[in-house]
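Data first, discussion second: the structure below is written as structure tokens.
The values are calculated or read from the model by the stated rules, or taken from the named source; none is laboratory data. Everything quoted here is computed from the prediction, not taken from an experiment. When we count neighbours, we look across all protein chains shown, and the Cβ atoms used for this are built from the backbone with ideal geometry, even at glycine.
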Amino acid sequence: MASPSEQIIVVNAQGERVDLDKLMDAYGDSDRVLANDEVGKVLYVGDLDLYALSPLPIGGFIAQKMTELSTSRFSTHLIRRQIGAVVLSVTADTVFLVREDEIIKKVRAEDLRKGMALATGEKVFS
């Protein structure tokens, strides 16, 4: 499943992908919450051995250990995009990582076009 929110790809120490929504739900009301206000929510995840995968310009990813995970609550225009088998409701300014040949670039949700492939391998259908 595609991960909006700057298209962050998070993996655990075993290299398995982590569902950010489930993680935020699981720890959203715990002592891990560093901030929870009208702007958004910030969780401390430094001791959970989570890594954010950042794309390299030549292809591939580099893993960077995460200490915080945040979500925002800004109300903006929502659009729907079908990525793989999932239809997502995302803000128009949500950024996705798209692979073109061996290059990975950032593309806003409103600029995603049918046939594009995300860095995760999922295809955009609408």
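The numbered conditions (1) surrounded by fewer than 17 Cβ atoms within 10 Å (Cβ to Cβ); (2) of a type outside the set (K, R); (3) modelled with pLDDT of 90 or more are all true for M66 except (1). Note on the stretch 7-126: enclosed strands (runs of 3 or more DSSP E) holding 2 or more residues that are of a type in the set (D, E, K, R) are 78-83, 95-100, 103-108. Apart from one condition, I58 fits all of (1) touching a strand residue (DSSP E or B) at 6+ places or on another chain (Cβ under 7 Å); (2) of a type in the set (V, I, T); (3) in contact (Cβ under 8 Å) with a residue 12 or more places away in the chain; the exception is (1).
Kindly evaluate S89 against the criterion of being surrounded by 12 or more Cβ atoms within 10 Å (Cβ to Cβ) and either of a type in the set (S, T, Y) or in contact (Cβ under 8 Å) with a residue 40 or more places away in the chain (or both). Can you show your working first?
Details: surrounded by 12 or more Cβ atoms within 10 Å (Cβ to Cβ): no; either of a type in the set (S, T, Y) or in contact (Cβ under 8 Å) with a residue 40 or more places away in the chain (or both): yes.
When the stated conditions are applied, S89 does not pass them.
S72 satisfies every condition listed in (1) closer than 28 Å to N36 by Cβ; (2) in contact with a Leu (Cβ under 6 Å, 6 or more places away or on another chain) except (2).
Criterion first (β-branched (V, I, T), out of contact with any Phe, Trp or Tyr (no Cβ under 8 Å at 6 or more places or on another chain) and over 27 Å from L112 (Cα atoms)) does V95 satisfy it?
Working: β-branched (V, I, T): yes; out of contact with any Phe, Trp or Tyr (no Cβ under 8 Å at 6 or more places or on another chain): yes; over 27 Å from L112 (Cα atoms): no.
For V95, the condition - β-branched (V, I, T), out of contact with any Phe, Trp or Tyr (no Cβ under 8 Å at 6 or more places or on another chain) and over 27 Å from L112 (Cα atoms) - is not met.
Name the residues in the stretch 34-51 that are farther than 26 Å from I104 by Cα and either exposed (fewer than 12 other Cβ atoms within 10 Å of the Cβ) or out of contact with any Leu (no Cβ under 6 Å at 6 or more places or on another chain) (or both), would you? Selection gives L34, A35, N36, D37, E38, V39, G40, K41, G46, D47, L48.
Each residue in the stretch 78-126 was checked for being under 20 Å from G59 (Cβ atoms) and touching a helix residue (DSSP H, G or I) at 6+ places or on another chain (Cβ under 8 Å), and 2 of them qualify.
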